[in-house]
1. In the range A:56-71, what count of residues is obtained for those that are more than 8 Å from every other protein chain (Cβ to nearest Cβ) and closer than 14 Å to A:THR19 by Cα?
2. Give the residues of the range B:131-156 that are surrounded by fewer than 24 Cβ atoms within 10 Å (Cβ to Cβ) and over 26 Å from B:PHE341 (Cα atoms), sorted by residue number.
3. From the residues in the range B:87-100 that are part of a strand (DSSP E or B) and open to solvent by 30 Å² or more (accessible area, probe 1.4 Å), which one is farthest from the other protein chains (Cβ to nearest Cβ)?
4. Looking only at the range B:169-191, decide whether some residue is under 23 Å from B:GLY120 (Cα atoms) and touching a strand residue (DSSP E or B) at 6+ places or on another chain (Cβ under 8 Å).
5. Pairs, please: C-beta under 6 Å, at least 6 apart or cross-chain, first residue facing another protein chain (nearest Cβ under 9 Å) and in the range A:74-98, second at pLDDT below 95 and not in a strand (DSSP E or B)?
6. Tell me which residues, restricted to the range B:205-225, are closer than 18 Å to A:SER44 by Cα and not in a strand (DSSP E or B).
7. Just to verify a result, which residue in the range B:196-208, among those that are surrounded by fewer than 18 Cβ atoms within 10 Å (Cβ to Cβ) and among the charged types (D, E, K, R), is farthest from the other protein chains (Cβ to nearest Cβ)?
8. In the range B:405-447, which helices (runs of 4 or more DSSP H) lie fully inside it and hold 3 or more residues that are at pLDDT 90 or above and open to solvent by 40 Å² or more (accessible area, probe 1.4 Å)?
Amino acid sequence: MSADASKSSGSVSPTVDFTFDGTPYRVPEGQTVAAALISHGVVSWRHTRVGEQPRGILCGIGVCFDCLITLNGQPNVRACVTRIETGDVVCSQEGCGFGD
Amino acid sequence: MVAARSGCSATVIDSGPAVGGQYYLGAQSPEGGSGLSYAALRRAFDGLVAARGIDLRLSTYAYALQRHADGFVLRTRGDDRHRHRVSEIGARTVVMATGAFDRQLPFPGWTLPGVMSGGGAQALVKGSGVLPGQRIVVAGTGPFLLAVAYALISAGGNVVAVVEANEPLNLARHARAALPAAGKTADLARFVSALARKRVPYLRRHRVRRAEGLDRLESITISRVDSEWHPVSGTDQVLECDALAIGYGFTAQTDLAGQVGAHMRIGSDGGLAIAVDDRQRTSIAGLIAAGETTGIGGVDLARLEGVIAGVAAVEHCGRRSALSESAIGRGTRDVARLRGFADALHATFPLRPGWRADVDDATLVCRCEEVSAAKVRDAVSDLGALDARSVKLLTRAGMGWCQGRVCAPTVDALCGFDTAESLIGGSYRPVAVPVPLGAIASDRMSP
């Protein structure tokens with residue numbers, strides 16, 4: 001689903017390696033966590049506290065907090081505005097993310 | 001930039017990893033409205049950062065603004081990886097340009113993954129080079145839908161349709177007073193012709209009624225609607241799609257101004273805006289506002305307002321701005337002209353009440369606290385709530401992570417409390433971005 005990611009002439013664009021729920025993924029550098037997941041067909045990474053419903057991104061620009069995810073052990077990180085970095089351990093989040 | 005050129009010491013706080021905001025998304029976007037390219041703006045800005053020592057703080061969120069002595073204190077935190085990193089900055093004058101986000105209306109199925117805002121879809125493709133899905137529908141109302149579709153198509157995206165609830169041709173009638181906004185009209189023409197080339201249907205007077213899917217978006221149902229947005233019976237149509245980019249105009253981010261009690265006004269789009277005079281000055285001395293936060297109007301208007309705001313900031317600090325009086329006069333006239341065109345667009349693409357009938361009992365109105373429309377309506381009909389605040393206290397709608405940014409106006413509308421007073425009350429947020437309490441506490445305790 002990548003959109004013309006490597007337009008730049010010839011040069012190999014740098015990539016980022018991370019894991020999501022234990023599975024390794026590789027994406028071009030500079031993507032947000034949400035974009036990195038969506039480019040691999042993952043559209044949901046959280047279940048809500050009350051109804052346990054799946055959620056992905058809504059506003060996509062850091063306002064609505066619907067896309068919260070657990071990043072390197074820290075819950076409630078906005079996937080839509082946080083850039084993915086090499087070595088990131090990304091985990092889907094249940095409820096408020098503190099395992100209650 | 002105006003402030004730095006005029007000899008003031010300036011600090012720039014930007015929540016993004018690069019300057020440019022949502023329009024430019026850090027150079028990824030080659031064009032942002034007519035006029036200056038990002039590259040040219042960026043060169044000028046970077047030059048000033050180096051030459052005049054602008055203190056540039058990227059990936060930094062301003063979460064609170066307070067008045068202090070003869071100025072302000074602005075409290076900031078780092079991005080989500082560094083949210084414990086808090087700091088405070090004192091300033092004689094503050095220019096806020098906090099932008100806006102897509103206005104959403106609830107409908108059955110709108111919480112399904114794959115349903116996202118138009119701005120969110122645009123950010124994915126412009127900021128990260130990723131398409132939101134393989135079959136994308138763009139829907140809602142306003143010229144922004146065309147910009148989103150254009151960005152998706154330009155990146156090779158498969159846009160199934162653009163679903164517009166209003167009649168765009170009405171612009172001819174509304175824009176007569178504000179015709180000389182030629183650049184804007186050319187942008188729209190370019191977007192429409194790109195749709196035509198790709199044979200993407202632009203379905204006018206159509207509205208998304210519901211989204212369907214098990215645990216992700218699989219299809220949407222749209223209907224033809226009348227001018228009040230009530231569906232015309234027998235016109236239901238199912239569109240298969242795995243992404244829906246939707247938005248009904250924008251909501252301005254007014255939080256910081258609200259914290260210090262700046263006057264608000266209702267913009268011509270029905271949303272809240274910070275009230276400013278012809279020099280972008282708010283009702284609070286020293287607080288200046290520019291861009292979408294003073295009324296939704298687009299990138300060209302925002303940039304012009306930014307320049308005028310810079311002048312006002314310099315003047316408030318008791319200096320003369322580097323801009324000539326005639327240039328300032330031209331600027332304020334251009335602002336008025338573009339504001340007129342924005343008003344014409346808002347008159348062409350208004351919110352109409354027909355959407356409310358689609359919000360069935362089970363539809364979540366507040367996504368954060370998972371509050372259904374039934375609960376919100378019960379708060380009024382059974383529990384006797386007489387205002388928006390009571391509805392919030394009874395149902396928790398608006399008490400979640402987003403602090404009612406997404407749902408407060410729609411809760412008001414569903415309860416019949418959609419007055420200016422209620423909109424202003426619902427926009428008050430003492431903390432603009434969540435901050436860990438521990439970070440604030442340790443900051444206070446350090447000597």
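1. Restricting attention to the range A:56-71, the residues satisfying the condition of being more than 8 Å from every other protein chain (Cβ to nearest Cβ) are A:67, A:69-70.
Okay, now just the ones that are also closer than 14 Å to A:THR19 by Cα, so A:69-70.
Of the residues in the range A:56-71, 2 are more than 8 Å from every other protein chain (Cβ to nearest Cβ) and closer than 14 Å to A:THR19 by Cα.
2. If the condition is that a residue be surrounded by fewer than 24 Cβ atoms within 10 Å (Cβ to Cβ) and over 26 Å from B:PHE341 (Cα atoms), then B:GLN134, B:ARG135, B:ILE153, B:SER154, B:ALA155, B:GLY156 are the ones that fit.
3. Step one: of the range B:87-100, the residues part of a strand (DSSP E or B) are B:87-91, B:94-96, B:100.
Among the residues that remain, those that are also open to solvent by 30 Å² or more (accessible area, probe 1.4 Å) are: B:87-88, B:90-91, B:95.
Values: B:SER87: 19, B:GLU88: 21, B:GLY90: 26, B:ALA91: 23, B:VAL95: 20 Å.
Checking each candidate, the answer is B:GLY90.
4. no
5. A:ASN76/A:GLY97
6. B:GLY213, B:LEU214, B:ASP215, B:ARG216, B:LEU217, B:GLU218
7. Restricting attention to the range B:196-208, the residues satisfying the condition of being surrounded by fewer than 18 Cβ atoms within 10 Å (Cβ to Cβ) are B:196-199, B:201, B:204.
Subsequent filtering for residues that are among the charged types (D, E, K, R) retains B:197-199, B:204.
On the way: B:ARG197: 17, B:LYS198: 14, B:ARG199: 19, B:ARG204: 25 Å.
Here the residue is B:ARG204.
8. Per the criteria, B:420-425.
The values are calculated or read from the model by the stated rules, or taken from the named source; none is laboratory data. Computed from a predicted structure; not experimentally measured. All Cβ positions, glycine included, derive from the backbone under ideal geometry; neighbour counts span all protein chains shown. To get the accessible areas, we keep the full protein, side chains included, count just its heavy atoms, and leave off ligands, DNA and RNA. Shrake-Rupley method; radii C 1.70, N 1.55, O 1.52, S 1.80 Å.
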